[in-house]
Structure formats: structure tokens, C-alpha cells
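Below: one structure, written as C-alpha cells.
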Amino acid sequence: MGERLNANTSGDFMMLLRSRGLWREGETIPAEPVQASLREAHGTTVIALKYREGVLNVGDRRATSANAIMYDRAEKILPLDDYTLIAIAGSYARAMEIVRYLQHSFKYYARTQLQEMSLEGKLAEVSRALASNLSMALQGIGMFIPVVSAYDLDRGEGRIFFYDGLGARFESVEFGAAGSGSERIRGVFDYIIKTRGPFHEMTLEEALRESLLLLDIAADLDSATAGIEKVLPIARAVTAEGIQEITEEQLAEIKKSLKL
Amino acid sequence: MVYTPYDFNESVRHRTEYIEERLRDGSPVAGISYDGGVLLLTLRRTQRKIFEIYDRLMFAGLGNQSDLEIIRVGAIDFAHQEGYARSPDDVTIQRVVGFAISPGVKRAFGDVLNAPFVVRALFAEMGRKPEDDLFYTLNYDGEFVSLNWAAAVAGTPEAEEQMVRQLVPEDASGVPDLHTAIRRALRAWAVGRLWAIDAHLEEEGAESLSEERIETFLREQMEELQVEAAILDRFTKRERKFRLLKDEEIQLALSASAGA
């Protein structure tokens, strides 16, 4: 253990994994673009909305592989830590691995450095993880897009960040969305804001209502999105008090009140 | 000159004496299971002493600060690497202490050309129920012992024994609550410290240590030093189960002791 003096002292989890040969990079990259026969599972529509207490994330539960429905209980909204949520669309395998990486990376930093990683640091870490995925994405597999929602304790407000596949990060004022269904409902977000007012002034109940409607519309327009009819979506919120799980009962109650 | 088995024994004896002399004056650490989690408690001057290792693992020790730091970072590295590559359920106290840490400590102790670790460390793992909680104490020679319900590290092995007696009193029934656990841990700390620094106690036996002496000593020490206590919380919904207790929480436990 004497070699520890030269060890990883910056709390960088990726560096630790690389030094132990555990960071999967390059080893699985095929030389040729991947044939259509490799049908990886994809997650579809996820939505992030600001509301009064923070940010609400809602996602349908369908995972598809080409035109087959693989799974109807997929979880695409996951906590990264007590104040950060990630919503993912795209390659399920890579997304899950990177989520696991990010969860460990934040905890590893906090535990070794005895201070929390800053929000800015966490967002940069997401970019870095996405960038490391590039070579696979270029082969046509493993591409996914995250939406990160965080409660910023310094500013006392919820914040939403969306990314492109390369790791570019953009902050969104009111909402964020990713996945095949999200593109088709883009205009609906603006319609809601213009007719009902901004999302960040809504109560949790109002925001949940709008998000279920949005998912329902997405499902009508996009075959890869399951919507809310058969299986209730997954919903989590992040507030000053941390991550809040939205129960099935809450969702069922709101679904009942909708005119679908 | 020939290096003989006699020289080896002699050098081990010297090392042991040297290490034990330096450990004798260290501030003990008490560990105890309670209904809502696991508690580690010690008194300190300025340096923090109790650290989170992983989701259900924490650690504290006495001895050389930088040796403790090497063990701390070694344990965190191993835990996170395993938690990421396999699953958080595969990160267990027996793997961390038994396989990742103990062999290195043993090696350093046996290697007469290198400095040994001057430490006694206490690891605690929280289970789903108090009876599943586990404590491991790790000695400077790499030896480790696993215990249920309570454990302690102190300046001498006798002091540790006396502390465990205080932590799990014969007349106690059931699993303690947090307040009781804090009070027992503080008392155990005082007893452990007194046993390590007062050589007469060993000759005269436990009976010679009066209630009054323990209480006066603890009061004096609490004025001079700072109580540091941390828990792993069994029932929290937060991702991070580890939390340092606030001064008010410790004071509350002490004021609740009137009569108890």
C-alpha cells in the first residue's frame, strides 16, 4: 500500500476505473458500422418540467428494439444523488451503465474529498461520460440523450439541463424532453406555456397533469412511446428536500381526471 | 551478517512495542447498533475521525493520521470499484476489510524494511435489521475480528474489552434507541480512555473504577474536546445513509438521560 502516495487524490472516479482496467472504452467497439441485425433496446420519451417546488420528471415505460416492443416496465428516470435526477432516452444498455458510473462518481468524490461535488462539476461529469461514448455512437450503437434535473441549493431553485450525444450542455428555462416522442410534442409545451402560464408557477398536481397529457399526445404520434394507458408512467421530482417519489396512486388519481 | 529467525522475532517485538506505545494515547472509538441504524462515536480535537466508506459502510480509528488516511482511501477505492463493476450489494465489510485492507496492513507489519501502520481501525456495516449489523476491528498487524451489536478500538486491548462491556451491559434488554446508544458510547469512551492511560486500573480491576470518576472524567473531557458521532440511518429514504450528528442531537440524548 506504499504506492498510495502517488494515488488518485482528486476524487476522480474515471481515473480510478481506468487505472484498474475497469473503464469500458474501446474494447467493445466494432470496426465496421453495426448491422441492423444488432437491435439494441431503446428508451423513448422522457419529460422534465419545472414547477413551484423544483423539477418534475416523467417518462413512459416502453423500451423498443427496432419496431418490436421489448419491455413495458422500463425505468428511465433515475436519481443520480439526493439532489439530481437523470432522464434518459436512447440506448438503454449504455445509458444504464453511464448512470451507474455517474452515481458512483458523485459518491466517490464526496467520500474521498469530504465535500459534495458542485453542481457545475456534476454537469461536467455528465458531459465527460457522454463524450467517452462517442466512438460507439459513431458506429451507430450506444447513443443516448440525457436530461439532467437538479435542485440548486445555492440558488434555491430547480434547474433543467439537456445534452446532445457529444456532451454539449444547455440549460433550459422551463422544460426539457428527450426521445423519439419528445420531438413531436415540442409545440405542445409552448402551447401550454402560452395558454396556461409558465410551468415553474404550477403546483405539483398541475405539472403532473400537464406531463401526463404530454405523454398521452406523444404516444398518439410516436409508436415507440407507450403513453399512459396500459402502464402508468414513472415520475420523480427533485426539490429542496431531495428526491420525491410520485406514487402510482397519485398518478392514477390525476389520470382519472383527464379527458383523454 | 546473517538475518536469523531470532532477529525476525526481535524486530517484530520492537515494532509491537513501538506501535502500542504510540497507540496507547489515542482517543478510543465506540461502535454500537441501535434500532434505527449504527452509531460510531469518539472525542477529538480538530481532525475529523469518522468517515463514510460506502452506502452501508463507515469507518473510524485511532493512531497515525496518514496511516488511517491510506486505509480510508483504500477502502473507498475498493468499495466503489466493486459497487460499480458488480453491484452495491457485493460491497460487504468482510470483503473490504478481509481482502482489500487487512493483507496490505499485515504485509507492512511483517516487512521490517518498511514502516508499519500505526492504527487500530473500526469498520461498521449496517444491515437491514440490527442483528445483521456487523463491526470489524482491524489491528496494526492486519488481524481483524468481527462482532455483532457493538465494538470498540482503544489504546490497549484491555481498554477495548472494558468498552464493549459498557456498550452491551449485562442488564440491558433489547436493542437500544439512538439516545441510549449515544449515552452508552460516551460512557464507553470515557472508560476506554481511562483504562488506556491509567495503568493502576488493570491491577485493581474494573470495580475500582467508580461511577463518579467516570462521570467527572467524561465531563472534563467533553469540555476540552469535541464529540464526533456519525450514523448510518436504516430508515432514511435518502441515497446517502451516512450522516454526522449535530451537537444539538448529542446534547438532546444527554439531557434525556436524566433518570435513565
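Within the listed set A:MET15, A:MET70, A:MET202, the Gaussian network model of chain A (springs between alpha-carbon atoms below 10 Å) gives the highest mean-square fluctuation for A:MET15. When segment B:27-254 is described by a simple charge dipole with +1 on each Lys and Arg Cβ and -1 on each Asp and Glu Cβ, the residue from B:LEU122, B:ALA199, B:PRO157 located farthest towards its positive end is B:LEU122.
Give, rounded to the nearest 20 debye, the magnitude of the charge dipole that chain A has about its Cα centre when Lys and Arg contribute +1 at Cβ and Asp and Glu contribute -1 at Cβ.
It works out to roughly 400 debye.
Which of rounded, prolate, oblate describes segment A:92-143, given a ≥ b ≥ c as roots of the alpha-carbon gyration tensor eigenvalues and a/c under 1.5 marking rounded, otherwise prolate only if a/b is larger than b/c? The shape class here is prolate.
Checking every one of the trypsin sites (Lys or Arg not before Pro) in segment A:123-159 against DSSP loop status and a limit of 10 other Cβ atoms within 10 Å picks out A:ARG155.
Of all lysines in the structure, the ones whose alpha carbon falls short of 30 Å from that of A:LYS107, not counting any fewer than 8 places away in one chain, are A:LYS50, A:LYS76, A:LYS122, B:LYS49, B:LYS106, B:LYS129, B:LYS237, B:LYS241, B:LYS246.
Taking other C-beta atoms within 10 angstrom as a stand-in for reagent exposure, A:THR45, B:THR137 fall in the order B:THR137, A:THR45, fewest first. In terms of its alpha-carbon gyration tensor, the protein assembly as shown comes out prolate; a/c meets the 1.5 threshold, and the first ratio a/b outweighs b/c.
Computed log10 I(q)/I(0) for chain B at 0.08, 0.17 Å⁻¹: -0.32, -1.33, from the Debye equation with unit scatterers placed on every C-alpha and solvent omitted. For segment B:88-187, the list of trypsin sites (Lys or Arg not before Pro) that fall in a loop by DSSP and count at most 13 other C-beta atoms within 10 angstrom reads B:ARG128.
Exposure proxy ranking for A:TYR108, A:TYR51, based on other Cβ atoms within 10 angstrom of each Cβ and starting from the fewest, stands as A:TYR51, A:TYR108. Cα centroid separation, segment A:137-192 to segment A:68-100: 13 Å. With a 10 Å cut-off between alpha carbons and a GNM built on chain B, which of B:PRO116, B:PRO157, B:PRO169 moves the most? Highest fluctuation of the listed residues: B:PRO169. Can you give the charge dipole size of chain B about its Cα centre, rounded to the nearest 20 debye, using +1 on the beta carbon of Lys and Arg and -1 on the beta carbon of Asp and Glu? With only Lys, Arg, Asp and Glu charged at Cβ, the dipole is about 1020 debye. Seen through its C-alpha gyration tensor, with square-root eigenvalues sorted a ≥ b ≥ c, segment A:40-257 comes out oblate because a/c lies at 1.5 or above while a/b is not bigger than b/c.
Counted by neighbouring Cβ atoms within 10 Å, the residues A:LEU49, A:LEU251 run from fewest to most as A:LEU251, A:LEU49.
Peptide packing: for B:20-28, B:201-209, the average count of neighbouring Cβ atoms within 10 Å per residue gives the ranking B:20-28, B:201-209, highest mean first.
When you filter the chymotrypsin sites (Phe, Trp or Tyr not before Pro) in segment B:1-107 for DSSP loop state and at most 15 other Cβ atoms inside 10 Å of their Cβ, you are left with B:TYR3. Of all the options A:ILE145, A:ILE192, A:ILE243, the one that moves most in a Gaussian network model of chain A with Cα springs shorter than 10 angstrom is A:ILE192.
Where a number appears in this text, it was derived from the coordinates with a stated rule and is not lab data. Since this is a predicted model, take the numbers as computed values, not measurements. A quick note on method: Cβ atoms are made from the backbone with ideal geometry, for glycine too, and the neighbour counts reach across all protein chains shown.
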